[in-house]
1. Pairs LYS67/LYS102; LYS102/LYS162; LYS164/LYS185; LYS108/LYS141: which are spaced more than 21 Å apart, C-alpha to C-alpha?
2. Using a 7 Å offset from the Cα along the Cα-to-Cβ direction at both HIS80 and GLU103, what is the distance between the two label points in nm, to one decimal?
3. Once you sort the root eigenvalues of the Cα gyration tensor of segment 141-185 as a ≥ b ≥ c, which label holds: rounded (a/c under 1.5), prolate (a/b larger than b/c) or oblate (the other case)?
4. So between ASN69 and ARG177, what do we pick up on full extension, going 0.36 nm a residue minus the alpha carbon distance?
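Readers should treat all values here as calculations from the given coordinates under stated rules, not as data from a laboratory. Predicted model, so just to flag it, every value in this text is computed and none were measured. Don't worry about glycine lacking a Cβ; one is built from the backbone with ideal geometry, like all the others, and counts go over all protein chains shown.
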Amino acid sequence: MKRIMGLIILAFVTGCTTTPQHSRFQKPPKLIAKSTSPNNIPATPVMLNDGLPKCGISGQLRGLPYKPNDFIENPWIPPHDGISRYEGRWADENAVQIAIKKENGKYKIYNDSSENWNYLYNNIHWENDELHFSSFAYSDKPELFTHPYHRTKGEMILTPTKEKNKIKWTFFIDNERFDNILTKK
């Protein structure tokens with residue numbers, strides 16, 4: 001079993017082993033670590049009571065299609081000094097995990113849908129210079145409705161780093177904090 005990254009985000013960090021048809025990565029996923037640095041340290045997979053890996057974070061609703069009232073999308077970021085610092089597509093070695101773009105004079109969080117997964121965001125707010133938000137991932141494919149990543153909700157934070165082309169991406173699994181450094185593409 002490997003702890004892999006995808007989003008949430010997620011892009012999200014998931015605690016499940018994916019097969020190629022379930023993964024959106026071109027390369028094999030890397031082992032994710034509980035860490036406050038970009039170095040990877042092995043982590044114990046988070047498991048559901050039924051023994052299946054918990055891919056998301058919380059609010060797992062396997063087996064059912066996504067319904068609009070599952071998660072009300074509101075990807076717009078409130079105004080903040082220095083918001084332009086967050087603009088861009090932020091990636092790890094595998095894929096873009098999160099993106100922020102300006103649209104019609106306002107900033108929003110987004111991540112392009114993949115062949116298998118769609119991503120939504122809401123509850124976006126600032127705490128000092130940290131951007132906090134909720135994310136949700138789901139599939140439109142009935143064959144993925146039972147996948148542990150389907151209909152997962154998670155809390156995330158983006159924090160600026162000293163390097164302008166990097167940002168710290170924080171997410172939580174069962175109240176455990178995971179940090180990863182993303183690079184601007």
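1. Working: LYS67/LYS102 27 Å; LYS102/LYS162 23 Å; LYS164/LYS185 12 Å; LYS108/LYS141 26 Å.
In this structure, LYS67/LYS102; LYS102/LYS162; LYS108/LYS141 lie more than 21 Å apart at Cα.
2. A separation of 1.9 nm, rounded to one decimal place.
3. Values: a/c = 4.25, a/b = 1.99, b/c = 2.13.
The shape class here is oblate.
4. On the way: separation 108, 0.36 × 108 = 38.88 nm, distance 2.75 nm.
Fully extending the segment from ASN69 to ARG177 adds 36.1 nm.
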